[in-house]
Amino acid sequence: MPVARDTSLIFRRQVRQDTRNPVWLLIGLSQPILYLAFFGPMLSRVLRADEGGTGSAWQVYVPGLLVQLALFGAAFVGFTVIADWRTGSMERMRVTPVSRFALLMGRVLHDVAVLLAQSVVLILAAVVFGLRAPLAGIALSLLFVALLTCSLSSLSYGLGLVVKRETAFSPMLNIATVLLLLLSGILLPMSLAPGWLNDVSRLTPLRYLVDAIRDAFVGRFATATVAEGLAVGLALAALSLAAGTYVFCRENV
């Protein structure tokens, strides 16, 4: 299939760029590892060892770190499309028969692969610190990370292509990521927040993914929280891919 072939072509191009400068992969992973090492032990003293029977502090904290890893790893990928547009790489791709959808999908699948690999490393590091979670729960959490990465990467590439300037793109991302970080319960469960803040947090899709991963980490799979997280993740990924594809097709890239 031409689209699958084109997507694979773009995917391999992105991988080759990573192999030329792998230090960025390590930098992307360093932040959640630092949170794990320096904030996690402190948090375990704040959260009770068994929060109402829902698991240990690590089972509460590590799901948030996985979402944080996807948030900061995928939301900023739009800078690369701005760089490609400025250097003329996008223009050179435009004159090839590669489909616009493949131009986006190849990049998104590359980001998903990178974030999944980093998530596995983070989970293994968390096991050293004391995390214990069922394998099925870990596998389900990786599915949520993949859906979130697909969503944020698509939106970031689309926004980057619309804005085309780092000076405008950067403050937009900073505001959005800080709001999502604070309102989605990544660092602490929103059940600890006042009622009004808990209600506001329900307006952010990441809240449902964080809660679903926390349920998965304690072995609770057939819950409304997991179903909500899966529905939100799938809907967000579909809408984001559609929006990103629309921008790639509309913009004369």
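The values are calculated or read from the model by the stated rules, or taken from the named source; none is laboratory data. Please read these numbers as outputs of a predicted model, since none were measured by experiment. In this analysis, Cβ positions are derived from the backbone assuming ideal geometry, glycine residues included, and neighbour counts consider all displayed protein chains. Accessible surface is based on the protein model in full, side chains and every heavy atom, while ligands, DNA and RNA are left aside. Shrake-Rupley method; radii C 1.70, N 1.55, O 1.52, S 1.80 Å.
Give me the residue from the range 49-92 that is assigned to a helix (DSSP H, G or I) and of a type in the set (D, E) and, out of that set, modelled with the highest pLDDT. Of everything passing the filter in the range 49-92, D84 is modelled with the highest pLDDT. Based on what the data block shows, is V120 of a type in the set (A, V, I, L, M, F, W, C), touching a helix residue (DSSP H, G or I) at 6+ places or on another chain (Cβ under 8 Å) and in contact (Cβ under 8 Å) with a residue 24 or more places away in the chain? No: the conditions fail for V120. For the range 93-109, indicate whether the set of residues that are over 16 Å from the mean Cα position of the chain (by Cα), assigned to a helix (DSSP H, G or I) and modelled with pLDDT under 80 is non-empty. Checking the range 93-109: at least one residue is over 16 Å from the mean Cα position of the chain (by Cα), assigned to a helix (DSSP H, G or I) and modelled with pLDDT under 80.
Please tell me if L122 is part of a helix (DSSP H, G or I) and either at pLDDT below 90 or farther than 25 Å from L26 by Cβ (or both). So L122 passes the test. Of the helices (runs of 4 or more DSSP H) lying entirely inside the range 150-253, the ones with 3 or more residues being open to solvent by 60 Å² or more (accessible area, probe 1.4 Å) are found at 166-183, 224-250.
Residues in the range 1-42 that are outside any helix (DSSP H, G or I) and either under 26 Å from L181 (Cβ atoms) or open to solvent by 90 Å² or more (accessible area, probe 1.4 Å) (or both): M1, F39. Here are T167, T225: which of them is of a type in the set (S, T, Y) and more than 22 Å from S119 (Cα to Cα)? Step by step, each of T167, T225 is checked, and only T167 is of a type in the set (S, T, Y) and more than 22 Å from S119 (Cα to Cα). Does the range 165-175 contain at least one residue that is within 14 Å of the chain's Cα centre (by Cα), farther than 28 Å from P41 by Cβ and not polar (S, T, N, Q)? So far as the range 165-175 goes, yes, one or more of its residues are within 14 Å of the chain's Cα centre (by Cα), farther than 28 Å from P41 by Cβ and not polar (S, T, N, Q).
Is it the case, given these coordinates, that L29 is at pLDDT below 75, closer than 20 Å to T149 by Cα and among the aliphatic types (A, V, I, L, M)? It is true that L29 is at pLDDT below 75, closer than 20 Å to T149 by Cα and among the aliphatic types (A, V, I, L, M).
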